[in-house]
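Engineer: Dumping the structure here so I can ask a few things about it.
Derivation of every value follows stated rules applied to the coordinates shown; laboratory data play no part. Please read all numbers here as calculations on a predicted model, not as lab measurements. Methodologically, a virtual Cβ is constructed for each residue, glycine included, from the backbone with ideal geometry; neighbour enumeration extends over all protein chains shown.
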Amino acid sequence: MDLYLEHGFDQTTVADIAERAGLTERTFFRHFTDKREVLFGGQDVLHELTAKAIAEAADSAAPIDVMESALTVVCEMIGQDREFSRQRQSVIDANAALRERELIKLASLAETSAEALRARGVREPAASLTAEVGIAAFKIGFVRWIESDRGRTLTESAREAIAELKTVTAGG
């Protein structure tokens, strides 16, 4: 992360990363397919946790509440280090290809969520709508969290965004 911040993503090479970490390039490639994976690794785990949280939600829960529960799991996974998240986001924001990759990651997470909601019996278009607006609320909560110094957690910020979404959709 330090190299990306110091030199920019495009100017940082795998050789630079490996050297800074005290590794060989070969060892780097055992853990990452390319230098983008340093920023985007762990996606599979995120998808698994999301699908599991949706599957395990109470049968009586409304789809948006199920999505909120799943996003809580996501927030707990990635919301441990606000400063790291700020740095990561600044690297992504400075590079168009990384911004595109981030959007693809979020779209993929929305599709995983929609599939899990459909598996629960939520029909279309409700499953897709719930997943998409849930991810949108997460994005708003994430931005508020990394831009704030109020000591609130990512989970609290995301839940606040979902609560605002519920208010808006209820006509409030």
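Engineer: Just order 161-168, 130-137 by mean Cβ neighbour count inside 10 Å, highest at the front, would you?
Structural biologist: Values: 161-168: 15.8, 130-137: 22.1.
Taking the mean over residues of other Cβ atoms within 10 Å, the ranking is 130-137, 161-168.
Engineer: Another question, then. By how many degrees, 0 to 90 and rounded to 10, does the Cα axis of helix 154-169 deviate from the longest principal axis of the chain?
Structural biologist: Helix 154-169 sits at roughly 40 degrees to that axis.
Engineer: Just from its helices, what would the mean residue ellipticity at 222 nm be for the chain, if runs of 4 or more DSSP H residues each count -39500 (n - 2.57) and the sum is divided by every residue, rounded to the nearest 500 deg cm²/dmol? List each step's numbers first, then the result.
Structural biologist: On the way: 10 runs with 129 residues, N = 172.
Roughly -23500 deg cm²/dmol at 222 nm, from the helical runs in the chain.
Engineer: Mind checking the full-extension length gain between R150 and A136? Use 0.36 nm per residue of separation minus the Cα-Cα distance, one decimal, nm. Show your work: numbers first, answer last.
Structural biologist: Working: separation 14, 0.36 × 14 = 5.04 nm, distance 2.18 nm.
Full-extension gain reported as 2.9 nm.
Engineer: Follow-up question, since we're still on this one. Going by C-beta contacts inside 10 Å, put F29, F142, F9 in order with the fewest on the left.
Structural biologist: Details: F29 14, F142 21, F9 18.
Placing the least packed residue first, the sequence is F29, F9, F142.
Engineer: A further question on this structure: Among all the lysines, which ones have a C-alpha under 17 Å from K105's C-alpha, if same-chain residues fewer than 8 places away are not counted?
Structural biologist: Reachable lysines: K35, K139.
Engineer: Specify the angular offset, from 0 to 90 degrees and rounded to the nearest 10, of the alpha carbon long axis of helix 126-147 from the longest principal axis of the alpha carbons in the chain.
Structural biologist: Between the helix axis and the principal axis of the chain, the angle is about 50 degrees.
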